[in-house]
Structure formats: structure tokens, C-alpha cells
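**Student:** The structure follows.
Since every read-out is calculated from the coordinates, none of them should be taken as a lab result. Just so it is clear, the structure is predicted and the values come from calculations on it, not from any experiment. Note that each Cβ is placed from the backbone with ideal geometry, even for glycine, and that neighbours are counted across all protein chains shown.
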Amino acid sequence: MYKSIEHRAVTNVTAARMSVATFVIPDDDVELGPVETMVDDYNRPVMYKSIKYGDYLRYTFSKKMDGKANTELLKAGNESI
């Protein structure tokens, strides 16, 4: 388990920088959410709720890309969706 951080690229004048982008694009009706074996009611509670990929895309495209603001939608206890 690890806590996600904001991505920040740092330039270095003495070394080349290489980035590799990888993508997995599921169908719109695929439900994304926490892996069941990684959460429990005692030590590792669910912090984010599940959402269909298409619904998440529509929400994301309707908002400005502002840091991690798009993850607020998915936090457990947030009833926005």
C-alpha cells in the first residue's frame, strides 16, 4: 500500500529525460474500484468507491484538470454520483 503523490517532472541540464506513457482503456461499462483483497473493514478500509469508466470520463471531461480534484468524486462517503 502506498499513498499516491502528484506527478512532478524535474528537468536536468546534465542528463536526458525519457518518459514512457502507457494506457489501459476499458469499455465504458467496466466498473473500476478498489481491489477487494486490498481492503477490509478493520485495517484497510475502503477509501474510494467504484464507478463505471464511462461515468468517470464524463465527469473528468466536464471539470478542469486541477491536480487531484477529480479523485474527490470517488472518495468514500462523497455522494456526488
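**Student:** Which of the peptides 47-53, 23-29 is most tightly packed, and how do the rest follow, going by the mean number of other Cβ atoms within 10 Å of each residue?
**Tutor:** My ranking of the peptides, most packed first, is 47-53, 23-29.
**Student:** Let me ask something else about it. Amide H neighbours of LEU32 under 5 Å, at least 5 residues apart or on other chains, H built in the peptide plane: list them.
**Tutor:** Amide H neighbours of LEU32: ILE51, LYS52, TYR53.
**Student:** I want the local charge near ASP27. Using Cβ-Cβ distances under 13 Å, sum +1 for each Lys or Arg and -1 for each Asp or Glu among the other residues.
**Tutor:** -3
**Student:** Convert each backbone phi in the range 44-53 into a coupling constant with the Karplus relation 6.51 cos²θ - 1.76 cosθ + 1.60 (shift: θ = phi - 60°), then list the ³J(HN,Hα) values in order as whole Hz, x for Gly and Pro.
**Tutor:** 9, x, 5, 9, 10, 8, 7, 8, 6, 4
**Student:** Going by average Cβ density within 10 Å per residue, which order do the peptides 15-21, 54-60, 32-38 take, highest to lowest?
**Tutor:** 54-60, 32-38, 15-21
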